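Read through the structure below, which is laid out as structure tokens, and then see the notes.
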Amino acid sequence: MNRRILLAELAQETPSRIVFLVMDGLGGAPGPDGKTELEAARIPNLDALAVRSQLGLTDPVSPGITPGSGPSHLALFGYDPLEFQVGRGVLEALGIDFPLKTTDVAMRANFCIVDQNGILADRRAGRLETAQAARLCRMLRDIRLVGAEVMVEPVKEHRFVVVFRGDGLAAEVADTDPQKTGVPPIDPKPLNAEAERTAHLAGEFIRQSRAILEGQPANMVLLRGFSKYPSIPSLPELYKLRPAAIAIYPMYRGLARLVGMDVLAGGNSLEDQLRTLRSHWDKYTFFYLHVKDPDRTGEDGDFPGKVRAIEEVDRHLPALLDLGPQVIVVTGDHSTPAVLKGHSWHPVPFLLNSPWCVPDGLPFSERACGQGSLGRFPAVDVMGLAMAHALKLNKYGA
């Protein structure tokens with residue numbers, strides 16, 4: 001019996017409230033002065049909470065594995081990321097309420113810049129403004145493919161969604177994003193025979209896109225996360241929770257919707273998110289509060305910016321604690337060290353506070369969490385720990 005099935009059998013509905021405060025990309029690696037971003041940040045409120053909490057480090061998938069945002073979030077919500085594999089394209093599409101059909105293939109796309117030799121110069125086109133990206137998306141709607149309908153929708157900044165609709169499409173196509181600059185984009189390659197037609201359509205979409213975008217602020221596109229709508233049990237079904245998500249970025253709203261959360265207004269700032277949390281406090285028993293900026297700044301290689309993003313969360317933490325959640329978890333989905341400018345395999349700092357925890361008396365940092373009583377453990381165990389501390393699990397066995 002796996003963890004998810006066991007928790008589902010033991011779950012009981014109670015009025016206690018759980019909050020997952022997820023700072024995307026929270027974990028880091030030492031910068032020039034030997035400190036990580038979290039260690040360099042001035043976080044008196046998080047440190048004070050940590051002293052009263054239990055600490056540990058989580059591995060989103062497995063030690064040494066660098067995870068994407070989808071699998072790392074699924075693990076936090078109690079889904080084994082090796083059992084449930086959800087593509088980025090589906091998550092982005094759901095995040096903007098796109099009406100996906102089960103036969104559709106969705107892709108997460110980036111506007112990017114290539115030089116005159118076709119070499120990738122900027123994977124995000126300078127983080128193109130959303131309004132500009134929306135204009136370019138309207139231009140790409142002129143693309144016509146033989147044998148499939150193509151739909152293009154803006155998401156946020158340089159990100160957009162491409163959906164192929166037609167018969168006999170398969171999602172097993174490799175990403176065209178090489179995840180680094182200084183090299184050309186990768187041609188879409190089928191991973192099995194059934195996906196050859198989809199890969200051909202993707203190649204034709206890219207070819208037409210480049211012709212349409214010539215002379216524009218972004219002159220090329222990258223496709224990743226080819227995927228179809230999966231079948232996945234919901235959090236209310238499994239854990240008898242009334243869950244809600246408060247996230248600004250569409251991808252994370254899509255992920256929450258996929259696992260059965262009500263998706264509430266995120267606004268444009270953490271202050272807006274906390275306002276939504278307060279106004280819906282009595283309606284739900286589980287809240288997922290997602291903060292994107294630590295990951296965004298980490299991917300940009302902006303060490304000081306990531307420090308400031310963590311400090312911003314710290315400043316708002318008292319407003320969250322004033323609501324009195326029975327259980328609060330503070331963690332990240334994965335690590336995004338600014339020195340690496342991307343996701344990494346480093347374990348993620350983890351904090352759990354409840355009336356029933358035995359405090360470790362330590363501040364909040366990677367090194368302190370490594371000394372915490374929870375040790376280093378799989379992120380898929382987080383949901384069980386949180387539910388136990390919220391008194392939402394019955395006893396196992398006689």
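The values are calculated or read from the model by the stated rules, or taken from the named source; none is laboratory data. Given the structure is predicted, the values throughout are model-derived calculations rather than measurements. When we count neighbours, we look across all protein chains shown, and the Cβ atoms used for this are built from the backbone with ideal geometry, even at glycine. When the accessible area is computed, the model is the full protein with side chains, heavy atoms only, and any ligands, DNA or RNA have been set aside. Shrake-Rupley method; radii C 1.70, N 1.55, O 1.52, S 1.80 Å.
Relative contact order (percent) for the range 61-201, with alpha-carbon contacts under 8 angstrom and 6 or more residues of separation?
20 percent
Report the extension gain between Arg138 and Ser234 in nm, rounded to one decimal, defined as 0.36 nm multiplied by the number of residues separating them, less their alpha carbon distance.
Going from the current span to full extension adds 31.1 nm.
Once Rh is set to the Kirkwood radius over Cα pairs, what Stokes-Einstein translational diffusion coefficient, in µm²/s, holds for the range 283-341 at a temperature of 4 °C and a viscosity of 1.567 mPa s?
D = 102 µm²/s.
For Asp282, what is the net charge nearby, where nearby means another residue's Cβ is under 12 Å from its Cβ and Lys, Arg count +1, Asp, Glu -1?
Result for the local shell: +4.
Rg to Rh for the range 296-398: what is it, with Cα atoms only and Rh by Kirkwood?
Using Cα coordinates only, the ratio equals 1.01.
Given a 1.4 angstrom probe, I'd like the percentage of the accessible area of the range 142-281 that is carbon and sulfur, rounded to a whole number.
Reported share for carbon and sulfur atoms: 47 percent.
Of the accessible area of the range 12-51, with the probe set at 1.4 angstrom, what percent is carbon plus sulfur?
Accessible surface attributable to carbon and sulfur in the range 12-51 totals 53 percent.
Given charges of +1 on the Cβ of Lys and Arg and -1 on the Cβ of Asp and Glu, with all other atoms neutral, how large is the dipole of the chain about its Cα centre, in debye to the nearest 20?
Here the chain has a charge dipole of around 420 debye.
What does the net charge come to around Thr36 if you take all other residues with beta carbon closer than 13 Å to its beta carbon, with K and R at +1 and D and E at -1?
Residues close to Thr36 contribute a combined charge of -1.
Which one of Arg197, Arg17, Arg224 has the biggest mean-square fluctuation once the chain is modelled by GNM with Cα springs under 10 Å?
Answer for the Gaussian network model of the chain: Arg197.
Residues of the chain: accessible area per residue at 1.4 Å, in Å²?
Ligands and nucleic acids excluded, the figure is 40 Å² per residue.
In the chain, which longest range has no GluC sites (Glu not before Pro) that are both DSSP loop (not H, G, I, E or B) and surrounded by at most 15 other Cβ atoms within 10 Å?
Answer - 215-398.
When you take every Cα atom in the chain, what is the radius of gyration, and what is Dmax, the widest Cα pair distance, in Å?
Computed over the Cα atoms of the chain, radius of gyration and Dmax are 21.3, 71 Å.
Net charge near Leu264: determine it from the other residues with C-beta under 10 Å of the C-beta of Leu264, scoring Lys and Arg +1 and Asp and Glu -1.
+1
Please arrange Leu201, Leu191 by accessible surface area, largest first, computed with a 1.4 Å probe and ligands excluded.
Descending order: Leu191, Leu201.
Using a 1.4 angstrom probe on the protein heavy atoms only, line up Ile232, Ile328 by accessible area, largest first.
So, going from the largest accessible area down, we get Ile232, Ile328.
Going down the table (Lys156/Lys341; Lys101/Lys156; Lys180/Lys292; Lys283/Lys306), which pairs top 31 Å between alpha carbons?
Lys283/Lys306
Spelling out what I want: for every residue of the range 150-164, take phi, set θ = phi - 60°, compute 6.51 cos²θ - 1.76 cosθ + 1.60 (Karplus), and round to whole Hz; glycine and proline get x.
Once θ is set to phi - 60°, the couplings for the range 150-164 become 10, 10, 10, 9, x, 10, 7, 6, 7, 8, 8, 10, 10, 10, 9 Hz.
Expressed in nm², what is the orientationally averaged projection area of the convex hull enclosing the Cα positions of the range 1-144?
Mean projected area of the Cα convex hull: 15.7 nm².
DSSP loop (so not H, G, I, E, B), at most 10 other Cβ within 10 Å: list which trypsin sites (Lys or Arg not before Pro) in the range 331-398 pass both filters.
Sparse-neighbourhood loop trypsin sites (Lys or Arg not before Pro): Lys395.
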